[in-house]
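Report on the following structure.
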Amino acid sequence: MDHLIPRVFIVVTLTLLSLVSLQISAEQADGENNQSMTLNLNKTDIRTLIETMSNITGKNFIVDPRVSGEVTVISSASVSPEEAYEIFVSVLRVHGYSIVPSGQALKVIPNMNAKQSGVPTVVERRVNDDVINRVVRIKHSQANQLIPILRPLLPQEAHLAAHPTSNTLLITDTASNINRILEIVSSLDIKQDSEIEIILLENTQASDLVNIIQQIQKKGSSQNEPFRNQNTFTADNRTNSIILNGSFQWRKDLKKLIFQLDRPTDKSD
C-alpha cells in the first residue's frame, strides 16, 4: 500500500503544474504575436510557480530546500514573458527569497537580509484576510508616481512596488485592504490634466464628509464649479483623509469647502 503514496504525490504535483501551465498557454494561443499571458494563481505551491516560470522562460532554477509556501497572484492584465518574469522575481522577493546567478542556472534561496515584513504563511484565515499578491495595470497615470500617494495608506507590513516597463503595481496585503486600495487607484487613474492631493481631516470622519459633499454635488447647482465629472474625490477612512484628483482651481475650491465642514463641533449647548 505504501508504494502508492509516491505515485499519488507525483500525480497531484503534475496536476497543479498543468493547471497553471494550461492557463498561461491559453493566453499565448489567443495572441501568438504578442505572446501575452495572465498570471492568476490561487494558493499555488511556490515550487510549482518556479517550475512553470522555468518552462516559460527557458531558465534553469536550482531551488533551495528551504524554499516553501503558497503564492496567490491576481492579475487582470496580460503581460509579456519578460514582464511575467519581473513579477515572478517580485513575488519571490516579498516571500523572502532571492534569485542568484550560478553558472548556467539561477539559484532560488532564502534572503537572509530580507525585511521581516515579507508575506507570512497564513493558516486558517478568513478569505478577506488572506495575504495575496495583486498585479494592477495602470492605464492613464505613471505607476511609480502613485507609490508615494498609496504607500501611506497601507499598513507597514504591506508591500507596494511599481514595475515601470509594464506600468503596473504589485501590491501584497490582505484581500480586504487591497480592495480598498483598488477603489482609490480607480479614482486616481483617470485621463485628464490634473494633480493629486491628500487632505487630512481633524474633526470629521472622511466617509461622512464625502457623503455630505456628494449630496451637495447632486443638487447640480451651476455655482458648484468644483464638482465637474472629470474631477474625483475619495475617502480613506484608515488615514481619515480625502484624496483629491483634479485641476488646481477645482482642488482649491473643494479644499475651501472641506475646511469649512471639518470644523470642531460647537459643544456650548
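Listed values, structure above:
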| read-out | value |
| --- | --- |
| Qualifying residue in segment 54-65 (condition: modelled with pLDDT under 80, outside any strand (DSSP E or B) and of a type outside the set (S, T, N, Q)) | no |
| Criterion: loosely packed, with under 14 Cβ neighbours inside 10 Å, out of contact with any Phe, Trp or Tyr (no Cβ under 7 Å at 6 or more places or on another chain) and either under 20 Å from Ser166 (Cα atoms) or at pLDDT 85 or above (or both) - qualifying residue of Gly69, Gly31 | Gly31 |
| Any hit, segment 87-105, residues being at pLDDT 85 or above and more than 24 Å from the chain's Cα centre (by Cα) | yes |
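The values are calculated or read from the model by the stated rules, or taken from the named source; none is laboratory data. Source: prediction; values computed, not measured. Virtual Cβ from ideal backbone geometry, glycine too; neighbours counted across all protein chains shown.
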